[in-house]
Amino acid sequence: MRAVRVTAFGATPELVELPDPVPAPDGVVVRVEATGLCASDRFAWLGHDDGVTLPFVPGHELAGRVVATGRDVHQVRIGDRVTTPFVCGCGTCAQCRAGRSHICPHQQQPGFTHDGAFAELVALRHADHNLVPLPDGTDAAGAALLGCRVATAYRALTGRGGIAPGDTVLVIGAGGVGLAAVLVARTLGADVMVADPSPAARARAERLGAVATLDPAAGPDRVRELIGDGGARVAVEAAGRAEALTLGIRALRPQGVLVQVGLLSGDPTVPVPEMIAKELVLTGSHGMAAADYPALMELVSTGRLDPARLVTHRIPLAAAPAALAAQPEPGSLTVVVA
């Protein structure tokens, strides 16, 4: 098979021929239809993820069809069209048994702990526990985003933020997850404001349904002024910056919730006195377990949510090495398609 392989952190990846993968006893092999190019893929390529060892094939956000199954796979069949959460649980630990495989202590992630989907074929493990069926008519590029960005945004808003129709949501950072959060929040009946320093990213957020956008340099007072009612009911920090976390907390109304999705380095300062005085909640969110996909897939299958709206560039596998090494355009979202 053809695959994109990283042999040195930060160096342009190579398009190479590799042996076709074979399924583990409880795993499958999927012929890849589409793979999202995510910021996390670039972090791994740069060597910022301790779980990644060289050489490796990146790609964790995928859609495709099963072409081989292991002997212990009973619920998945050859020909099934599937995606998978980027966090694959072991299926047997206490967290997995409780439906929380996204925080499985033995989790595996394609493109990080083992070769991923920037390839014609990808092996996925613990298939009966982790694979999610896709409707045949779903656009492949949009469906791939259900493996990471869209599912991450959906659970951040619903499972951690608890949004309801009429809520006001502040999204900080209009990258892949942030733009997905705009699309999901609007689908669920919330009003969305977006803070991002890039005019292009803000314009993209507006096209996806944001009712207002601003540069985060305007500060929390301006955010609360634009939102009204004392501030946002839910904020999603998707920028991965310490100052964005502070902005999100200070832009909340009393008893508001900040959901931290962006990966932060170091130990950011949290305004605890304000959190106490306003009874605020700061919570993390890490992907979504396969057990939580049915409600999201219902939105997709009925046409209420179209992940393909997020896609701005579709490229072939041969163009993926250069795209992975390039600086992304603000507001853009690239998917590698078969």
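The values are calculated or read from the model by the stated rules, or taken from the named source; none is laboratory data. None of the values given here were measured: they were computed from a predicted structure. With ideal geometry, Cβ positions are generated from the backbone for all residues, glycine too; neighbour counts draw on all protein chains shown. For accessibility, only protein heavy atoms count, side chains too; no ligands or nucleic acids. Shrake-Rupley method; radii C 1.70, N 1.55, O 1.52, S 1.80 Å.
Descriptive notes on the structure:
- Against the numbered list (1) farther than 20 Å from PHE86 by Cα; (2) in contact (Cβ under 8 Å) with a residue 12 or more places away in the chain, VAL311 comes up short only at (1).
- Where THR12 falls short, out of the listed (1) open to solvent by less than 70 Å² (accessible area, probe 1.4 Å); (2) farther than 23 Å from LEU134 by Cβ; (3) modelled with pLDDT under 95: (1)
- Long-range neighbours under 9 Å by Cβ, at least six apart or interchain, first residue farther than 12 Å from ASP115 by Cβ within segment 1-22, second at pLDDT below 95 and of a type in the set (Val, Ile, Thr): PHE9/VAL52
- Of all residues in segment 294-308, none satisfies being in a helix (DSSP H, G or I), open to solvent by 30 Å² or more (accessible area, probe 1.4 Å), touching a residue at least 12 places away in the same chain (Cβ under 8 Å) and among the basic types (Lys, Arg).
- Checking each residue in segment 85-94 for being buried (at least 18 other Cβ atoms within 10 Å of the Cβ) and either part of a helix (DSSP H, G or I) or hydrophobic (A, V, I, L, M, F, W, C) (or both) picks out PHE86, VAL87, CYS88, CYS90.
- Within segment 130-142, the only residue that satisfies the criterion of being in contact with a Pro (Cβ under 7 Å, 6 or more places away or on another chain) and under 16 Å from PRO294 (Cα atoms) is ASN130.
- For HIS48, the requirement of being open to solvent by 60 Å² or more (accessible area, probe 1.4 Å) and touching a helix residue (DSSP H, G or I) at 6+ places or on another chain (Cβ under 7 Å) is not met.
- Selection count, segment 178-192, where residues are among the acidic types (Asp, Glu) and touching a residue at least 40 places away in the same chain (Cβ under 8 Å): 0
- Residue in segment 265-273 that is at pLDDT below 95 and assigned to a helix (DSSP H, G or I) present: yes
- Inspection of segment 17-31 finds a residue satisfying the criterion of being acidic (Asp, Glu), outside any loop (DSSP other than H, G, I, E, B) and surrounded by fewer than 20 Cβ atoms within 10 Å (Cβ to Cβ).
- Options GLY287, GLY256; residue that is outside any helix (DSSP H, G or I), closer than 20 Å to LEU179 by Cβ and open to solvent by less than 50 Å² (accessible area, probe 1.4 Å): GLY287
- Within segment 104-217, helices (runs of 4 or more DSSP H) holding 1 or more residues that are farther than 18 Å from ARG65 by Cα and open to solvent by 30 Å² or more (accessible area, probe 1.4 Å): 149-155, 176-187, 199-207
- When ASP229 is tested against (1) outside any helix (DSSP H, G or I); (2) in contact with a Pro (Cβ under 9 Å, 6 or more places away or on another chain), only condition (2) is not met.
- Contacts under 8 angstrom Cβ, first residue in segment 69-95 being free of Cβ contacts under 8 Å to residues at least 24 places away in the same chain, partner part of a loop (DSSP other than H, G, I, E, B), 6 or more apart: CYS93/CYS104; CYS93/PRO105; CYS93/HIS106; GLN95/GLY89; GLN95/CYS104; GLN95/PRO105
- Failed item in (1) in a helix (DSSP H, G or I); (2) more than 30 Å from ASP136 (Cβ to Cβ); (3) touching a Gly at 6+ places or on another chain (Cβ under 8 Å); (4) open to solvent by less than 30 Å² (accessible area, probe 1.4 Å), with GLY248 passing the rest: (3)
- Which listed residue, of ASP49, ASP41, is assigned to a helix (DSSP H, G or I), under 26 Å from ALA290 (Cα atoms) and under 17 Å from the mean Cα position of the chain (by Cα): ASP41
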